[in-house]
Amino acid sequence: MEEGLISVDRWSEPSQAYFLSHLHTDHTKGLSRRWKRGPLFCSSITAKLLPTRFPGFNLSLLRVLEIGTPHSVSLVSPKSGLEITVQVVAIDANHCPGAVMYLFHGEFGSMLYTGDFRWETTSDRTQIAKAMLLNALGDDKLGMLYLDNTYCNPWFSFPPREVVAQQVVDLIASHPDHDIVIGINTLGKEDLLLHISRALKTKIWVWPERLQTMHILSYGDIFTTNTSITRVRAVPRESLTIDNLKALNTVRPTIGIMPSGLPWVRPANEKDASHGASHSNRHKRKMTIGGSSVDSSKVGESPSSPLMLNHHVYSVPYSDHSCFTEIREFIEFIRPSYIKGIVSSSTWYINPFHYFGNLCGAHKQMEESSKNIRSDLAENVEIIQTESSVGHDKFDEVKISTKVVRQAARKSRVSVVRRERKGVRITHMDDSSRTDFDV
DNA sequence: GCGATCAGGT
DNA sequence: CACACCTGATCGC
């Protein structure tokens, strides 16, 4: 078996050093409590949280990287047997607690793996990350950028999380007699809950395992597992179903709030905004103004109004991934030679190079390898988008695009990979012109 | 019985 | 759709 050098968010093949960007399960597939393949580098918060996910994990394998501080890792070239040094810097990814990007320098040049990240230029944390990236890059030009391209499509547009957090506060305040349930995952959205807690001067209920996580993050006194002292509860997102909300409402008036970037697909063209929204019969849009709720299609589009999914559940565009314009700003700042998306399981995957190739140094780059059918699909999706750019509902476009994706998949005898592994692995670098980056 | 992987669900 | 999960079946050890 081929010996690898370093792996990022990849755990199934041998390497000499392993890097974990954050503790969401789609980045830890293959990692287990019995891990013994090699040293695992991560941020200090991730290191503190890791034993809760993997009890009994061999802590002597953990290597904590301080944010912004360069660290040298000595490795042995699998081919030549010579010692080689790789420099790595962890940078705050502003995604979930402990999440970092990794910037590597080596004989292969430089590469940046963003993990999942949010690039809110209005946020202090992003400004600090920006300064650290500049500092770590020095005069070097970035070679390969492995990018969180989750929302790398102009359809995706949402405001900074601070803005949305205040909307959630307003939404809760406009329902003074309601219980509130907010759908969250095992890690992430803590800042939203802290904002709510501060603004409304209330503790927030979480389930017991989540309270343990909050304690590790030093938020212990804001959260509780006692239902009787607060009307605001954060619950596992999968439990926030219409049926559950109906059941809860037989006991006490309750609204659900779903923080997510996902339903917030918007036309790239602002002129189409109200058109697209009013044509959508899948969702009703509501805005709360002074405590009374009005249909926003009558008062014009706010780019950030809570979206009413049904009688009891609101969706708010609180996203831990960068939206399209933020991705663009990030790439304009970083100016890499090459880009590859690390999220490719999505049926609406678009090769980031499609939109941002002109911002890259190496112009004729990488047409994605033909074995990756999703890059072909991206082309199809784009064609549909331009063909139907006049007078069509964007939600229909999404459906058509998906259909095209499926058809293309069927035609090409290649099955669409449902579970796409994330992460990258560098297999060798003795010859810098032929370094293999395995995505 | 455990881990890894996969199919299927929200 | 699938953000980031979860459950349950199957296979190999």
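A few remarks follow.
- Listed by position, the strands (runs of 3 or more DSSP E) contained in region A:1-60 that have at least 1 residues being of a type in the set (Phe, Trp, Tyr) are A:17-19, A:40-42.
- Within region A:20-34, none of the residues are of a type in the set (Gly, Ala, Ser), out of contact with any Asp or Glu (no Cβ under 6 Å at 6 or more places or on another chain) and away from DNA strand C (no atom under 16 Å from the Cβ).
- Matching entry among A:176, A:208 (being modelled with pLDDT of 95 or more and outside the structural domain of residue A:326 (by TED's automatic domain parsing)): A:176
- Screening residue A:154 on (1) touching a Phe, Trp or Tyr at 6+ places or on another chain (Cβ under 6 Å); (2) surrounded by fewer than 20 Cβ atoms within 10 Å (Cβ to Cβ); (3) closer than 17 Å to residue A:98 by Cα shows it passes everything except condition (3).
- Test result for residue A:322, under 24 Å from residue A:93 (Cα atoms), at pLDDT below 55, under 15 Å from the mean Cα position of the chain (by Cα) and not aliphatic (A, V, I, L, M): no
- For the residues A:81, A:98, the requirement of being touching a helix residue (DSSP H, G or I) at 6+ places or on another chain (Cβ under 9 Å) and over 21 Å from residue A:332 (Cβ atoms) singles out A:98.
- In region A:153-168, the count of residues that are touching a His at 6+ places or on another chain (Cβ under 9 Å), within 16 Å of DNA strand B (Cβ to nearest atom) and not assigned by TED's automatic domain parsing to the domain that holds residue A:45 is zero.
- Top-ranked residue in region A:1-19 [being among the acidic types (Asp, Glu) and more than 12 Å from DNA strand C (Cβ to nearest atom); ranked as surrounded by the fewest Cβ atoms within 10 Å (Cβ to Cβ)]: A:2
Per-residue answers, yes or no, for (1) under 30 Å from residue A:332 (Cβ atoms); (2) assigned to a loop (DSSP other than H, G, I, E, B); (3) in contact (Cβ under 8 Å) with a residue 24 or more places away in the chain:
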| position | (1), (2), (3) |
| --- | --- |
| A:116 | yes, yes, yes |
| A:170 | no, no, yes |
| A:191 | yes, no, yes |
| A:195 | yes, no, yes |
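- A single member of A:47, A:99 is in contact with a Phe, Trp or Tyr (Cβ under 8 Å, 6 or more places away or on another chain), buried (at least 18 other Cβ atoms within 10 Å of the Cβ) and at negative phi, and it is A:99.
- Restricting region A:154-180 to residues that are small (Gly, Ala, Ser) and within 15 Å of residue A:257 (Cα to Cα), the residue that is nearest to the chain's Cα centre (by Cα): A:165
- Counting residues in region A:64-73 that are assigned by TED's automatic domain parsing to the domain that holds residue A:134, of a type in the set (D, E, K, R) and under 24 Å from the mean Cα position of the chain (by Cα) gives one or more.
- Here residue A:235 does not qualify as over 30 Å from residue A:423 (Cα atoms), within 23 Å of the chain's Cα centre (by Cα), within 16 Å of DNA strand C (Cβ to nearest atom) and β-branched (Val, Ile, Thr).
The values are calculated or read from the model by the stated rules, or taken from the named source; none is laboratory data. Keep in mind the model is a prediction, meaning the values are calculated, not measured. For neighbour counting, all protein chains shown are included, and Cβ atoms are generated from backbone atoms with ideal geometry for every residue, glycine included.
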